[in-house]
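Accompanying notes for the structure given below.
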Amino acid sequence: MQLKPINQQVVAIVGASSGIGRNAALQFASRGAKVIVAARSQPGLESLVEDIRQLGGEATAVVADVTVFDQVKAIADKAVEVYGRLDTWVHNAAVEMYAPFELTTPEEFKRIIDVNLMGQVYGVMAALPHLKREGRGALIHVTSVEAKRSLPLQTAYAASKHGVDGFLESLRVELMHQKLPISVTEIMPAGINTPLFNKARTKLGVKPQPTPPIYEPSLVAKAIVESAERPKRDVVVGDAGKAILLAQRISPGLVDAYMERTGFESQYTKEPKSENAPDNLFEPISNYDKIEGDFSDQARSWSL
C-alpha cells in the first residue's frame, strides 16, 4: 500500500495538547504536513499551534471532547474545510484511573470506556468517509501494551484498550475485503514519560507512575509518523513491552505470577496524592500541556 509522503499530507491528531500527541503534531509539522490538532484543553492547543507556526508549519486547532460524536466529526470536517482533504487520522486521546476494581465506581468505569474506546470508534466514523473520498489514507490508533496484556489497578483502562484492539482487527479486515487502500495501525506503547500520570485519577494514596523501564514520548511519536508514510499493522514501542507480550504468548500464567509479584508496587511513587486531587477524568485540568512528565531522569530516549 502506497501512502503519500508526509510533506504532502493533511493529518488530524486527536489528543494533541500534551504528551505523545503533542510531540507527534510537532514531528508531523516539522516534516511539512498540515495538521489539525484536537483536544479538550484550549490553552494547550493554542500553545501547540503557536509552537508549530514558529517552526514554519501550518496548524489549526479544534476543541473537542471525544465522547461527543458531533465534536469528533467536527475535527475531520475542519480538516477538509481548511485544507481540502484528510489523509491521516491519529487517535491518541485517553484518560486513566489507578484504583483497585472494588474502589471503581460505575460512572468512572463508563467514562474511561467512553473516552478510550468509544472515542476511537467515533474517530473512525468521522474520518473514514473522508479517507475513502480521497482514495487512500491511514488510520493510526494509539492504545497500549495493555491492549494485549493487562496490568492490575487499571481494570477500566485495560478493558478499553482491549476493546480498541478487537475493534481495529475487525475494521482492518473489512477494509481489506473492500479493497480499500486505507491502512489501520495500532501503536502499543509501554510505560511512557507523559503528563498522564499527573492528570490521572488515583485511589492509591500516591501519585502513580509508568511501570519501569520508562521511555520518552518522542519514540512513540516517531512510530506514529513513520506509520503514516509506511503502513504497519502493529507497533509495540519499548523493548520491555515486546518482552512482556512475548512472555504472554508463551505462558500467560507465568505472566500472571510475575504481575502479582511486581505489578502493584511498580506503579507507585512515594509522592502522596489524595483521591480528591484534581484530575482530568471528566474535565481538562491546566498546567500539564507539555510533552514530558515527571520521570525524565528515568526515561530512555532509545529502545532495542
Scan the stretch 190-204 residue by residue and report those that are crowded, with 24+ Cβ neighbours inside 10 Å, assigned to a loop (DSSP other than H, G, I, E, B) and touching a strand residue (DSSP E or B) at 6+ places or on another chain (Cβ under 8 Å).
-> 190, 191, 193
Exactly one of 149, 172 is assigned to a loop (DSSP other than H, G, I, E, B) and surrounded by fewer than 22 Cβ atoms within 10 Å (Cβ to Cβ), and that residue is 149
Out of 247, 223, 228, sole residue that is within 28 Å of residue 169 (Cβ to Cβ) and surrounded by fewer than 18 Cβ atoms within 10 Å (Cβ to Cβ) = 247
Can you work out which of the residues in the stretch 73-88 that are in a loop (DSSP other than H, G, I, E, B) and within 20 Å of the chain's Cα centre (by Cα) is farthest from residue 36 (Cα to Cα)?
-> 87
Kindly list the number of the only condition in (1) touching an Asp or Glu at 6+ places or on another chain (Cβ under 6 Å); (2) over 19 Å from residue 93 (Cα atoms); (3) in a helix (DSSP H, G or I) that fails for residue 207.
-> (3)
Out of 79, 74, 99, sole residue that is closer than 21 Å to residue 9 by Cα and surrounded by fewer than 24 Cβ atoms within 10 Å (Cβ to Cβ) = 74
Filter the stretch 46-68 for residues that are within 16 Å of the chain's Cα centre (by Cα) and not acidic (Asp, Glu); which is surrounded by the most Cβ atoms within 10 Å (Cβ to Cβ)?
-> 66
Among the candidates 162, 141, 91, residue that is surrounded by 18 or more Cβ atoms within 10 Å (Cβ to Cβ), closer than 27 Å to residue 275 by Cβ and within 17 Å of the chain's Cα centre (by Cα) = 162
Residue check, residue 181 within 23 Å of residue 290 (Cβ to Cβ) and touching a residue at least 60 places away in the same chain (Cβ under 8 Å) | no
Would a scan of the stretch 284-300 turn up a residue that is under 28 Å from residue 11 (Cβ atoms), out of contact with any Lys or Arg (no Cβ under 7 Å at 6 or more places or on another chain) and assigned to a strand (DSSP E or B)?
-> yes
Out of the stretch 103-117, which residues are in contact (Cβ under 8 Å) with a residue 24 or more places away in the chain and more than 18 Å from residue 284 (Cβ to Cβ)?
-> 103, 104, 109, 113, 117
Can you tell me which residue among 187, 224 is within 17 Å of the chain's Cα centre (by Cα) and assigned to a strand (DSSP E or B)?
-> 187
Which one of these is modelled with pLDDT under 95, touching a helix residue (DSSP H, G or I) at 6+ places or on another chain (Cβ under 8 Å) and either over 19 Å from residue 220 (Cβ atoms) or not aromatic (Phe, Trp, Tyr) (or both): 117, 55, 139, 153?
-> 55
With respect to residue 93, is the statement that it is of a type outside the set (Val, Ile, Thr), under 19 Å from residue 139 (Cα atoms) and either at pLDDT 95 or above or in contact with a Lys or Arg (Cβ under 6 Å, 6 or more places away or on another chain) (or both) true?
-> yes
Residue satisfying all of: in the stretch 275-304; closer than 22 Å to residue 112 by Cβ and without any contact (Cβ under 8 Å) to a residue 60 or more places away in the chain; farthest from the chain's Cα centre (by Cα) among these = 276
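The values are calculated or read from the model by the stated rules, or taken from the named source; none is laboratory data. Remember, predicted model here, so these are calculated numbers, not experimental data. So basically every Cβ, Gly included, is an ideal-geometry build from the backbone, and we count neighbours across all protein chains shown.
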